[in-house]
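The values are calculated or read from the model by the stated rules, or taken from the named source; none is laboratory data. Remember, it's a predicted structure, so these values are computed and weren't measured experimentally. Virtual Cβ from ideal backbone geometry, glycine too; neighbours counted across all protein chains shown. SASA here: full protein model, heavy atoms, side chains in, ligands and nucleic acids out. Shrake-Rupley method; radii C 1.70, N 1.55, O 1.52, S 1.80 Å.
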Amino acid sequence: MEIKDTLNRTLRDLRISLIDRCNFRCAYCMPSEKYNHTYQFLDKKQWLEFNEITRLVRIFVSLGVTHIRLTGGEPLLRPAIDELIGQLSVISGIEDLALTTNGSMLAQLAASLKAAGLSRLTVSLDTLDEVLFHQMSGEKGSVHDVLEGIRVAEKVGFKSIKINTVVQRGVNDHTILDLVRRFRGTPHSVRFIEYMDVGNQNHWDASQVIPSEEIFSLINAEFPLERIQGTEGGDTAEIYSFKDGAGQIGFISSVTKAFCGTCNRLRLSADGKMYTCLFATQGTDLGVLLRNGATDEAISNLISTTWSKRIDRYSEIRSKIRPSYTSPKVEMFQIGG
């Protein structure tokens, strides 16, 4: 079975936030001036339990979902995460089970994640400059720890890891080529992401965005590239290979080349709210249904109805609606990237 929205987009991808907490305080996601010891995060009892997540995933798979990505906050902060991965990895119909992490705890957990059945990893890494990294992560992180996590993950069997880099003009754009050189010639691929107006805390301005075309030109001048894959099939990144065969690189251009037209993703918060867009202002509460005894059929019907009414295409119309867009958006740490 498959379900389509009002723009004929088929649901394929589910991103599940396991926890609304993180051990970093990146300014564009969880700035420390707000998310400190005074902020009221979800009570742990509000988090979906593993059996609840597994039940929902089975329902989503019955509706055509084939790709699952575990996110946060920082998902590796969720205790016993390998147990959940083990439960999800045996569900028939899942073609890809992935996880996005800041990498700070990856060295300790990579082996158990692989043994539990995790397919792929994406690691967020905005710069290799140790001082700048420490600053960008709210003085919480270390490049050394992230690189060690990637090294250990590769050693235990994660052969091709995606490295996600959010680029901000005047902040970390001068370190782009450092990342290219570091991972060129390895099985891993860096994906440069245009700085987006996610959530409500990052004081986004279009002048801070470096278009992917500009980043491409910078890299291509030193390391010639050729395009091998676009976003037509629902992927978020345009993929290029180095012409000398030294690997691949990607560009996620959600500001200058929005891919809303092929977006096939739903997001689930840690407390069970379903969001149809990264920039959504409200969600549909599946957690309440789960805990009030709803049948699988009732939950499936709500998911189908919600998706069939979906009209989201925020990134395509950002420039037209942003000046008058006053409703607060869901925060990125609540639903993952």
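Find all pairs meeting these conditions: Cβ atoms under 9 angstrom apart; at least six residues apart or on different chains; first residue within the range 82-96 and over 18 Å from E49 (Cα atoms); second residue open to solvent by 40 Å² or more (accessible area, probe 1.4 Å) and among the polar types (S, T, N, Q).
G93/S62; I94/S119; E95/S119; D96/S119
Restricting the search to the range 112-132, which residues are out of contact with any strand residue (DSSP E or B) (no Cβ under 8 Å at 6 or more places or on another chain), assigned to a loop (DSSP other than H, G, I, E, B) and either among the hydroxyl-bearing types (S, T, Y) or within 22 Å of G337 (Cα to Cα) (or both)?
Narrowing the range 112-132 to residues out of contact with any strand residue (DSSP E or B) (no Cβ under 8 Å at 6 or more places or on another chain): 112, 114-116, 128-132.
Then keep just the ones that are assigned to a loop (DSSP other than H, G, I, E, B); that gives 128-129.
Across the range 112-132, the qualifying residue is only L128.
Look at A98 and say whether it is outside any loop (DSSP other than H, G, I, E, B) and open to solvent by less than 40 Å² (accessible area, probe 1.4 Å).
Working: outside any loop (DSSP other than H, G, I, E, B): yes; open to solvent by less than 40 Å² (accessible area, probe 1.4 Å): yes.
Judged against the criteria, A98 is a match.
Would you confirm, using the coordinates I've provided, whether G73 is within 20 Å of the chain's Cα centre (by Cα), farther than 22 Å from D271 by Cβ and part of a loop (DSSP other than H, G, I, E, B)? Can you show your working first?
Values: within 20 Å of the chain's Cα centre (by Cα): yes; farther than 22 Å from D271 by Cβ: no; part of a loop (DSSP other than H, G, I, E, B): yes.
Criteria not met by G73.
Find all pairs meeting these conditions: Cβ atoms under 8 angstrom apart; at least six residues apart or on different chains; first residue within the range 106-126 and more than 21 Å from C22 (Cα to Cα); second residue part of a helix (DSSP H, G or I) and at pLDDT below 95.
none
Only one of these is touching a residue at least 40 places away in the same chain (Cβ under 8 Å), over 16 Å from S189 (Cα atoms), open to solvent by less than 20 Å² (accessible area, probe 1.4 Å) and not in a helix (DSSP H, G or I): G141, G103. Name it.
Working: G103 fails: over 16 Å from S189 (Cα atoms).
After applying the criteria, what remains is G141.
For every residue, the table says whether it meets (1) open to solvent by less than 60 Å² (accessible area, probe 1.4 Å); (2) farther than 30 Å from A294 by Cβ; (3) assigned to a loop (DSSP other than H, G, I, E, B).
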position: A27; (1), (2), (3): no, yes, yes
position: M30; (1), (2), (3): yes, yes, yes
position: E33; (1), (2), (3): no, yes, yes
position: H37; (1), (2), (3): no, yes, yes
position: Q40; (1), (2), (3): no, no, yes
position: L48; (1), (2), (3): yes, no, yes
position: E52; (1), (2), (3): yes, no, no
position: V57; (1), (2), (3): yes, no, no
position: G64; (1), (2), (3): yes, no, yes
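If we keep just the residues of the range 162-210 that are assigned to a helix (DSSP H, G or I) and touching a Lys or Arg at 6+ places or on another chain (Cβ under 8 Å), which is most open to solvent (accessible area, probe 1.4 Å)? Full working, then the answer.
Looking only at the range 162-210, we keep the residues that are assigned to a helix (DSSP H, G or I), and these are 173-183, 206-208.
Among the residues that remain, those that are also touching a Lys or Arg at 6+ places or on another chain (Cβ under 8 Å) are: 207-208.
Details: S207: 77, Q208: 49 Å².
Here the residue is S207.
Could you say whether any residue in the range 248-263 is on the phi > 0 side of the Ramachandran plot, within 22 Å of the chain's Cα centre (by Cα) and either of a type in the set (K, R) or open to solvent by 10 Å² or more (accessible area, probe 1.4 Å) (or both)? Talk me through it step by step, then tell me what you get.
Residues of the range 248-263 that are on the phi > 0 side of the Ramachandran plot, as a first pass: none.
Checked against the condition, which is being on the phi > 0 side of the Ramachandran plot, within 22 Å of the chain's Cα centre (by Cα) and either of a type in the set (K, R) or open to solvent by 10 Å² or more (accessible area, probe 1.4 Å) (or both), the range 248-263 yields no hits at all.
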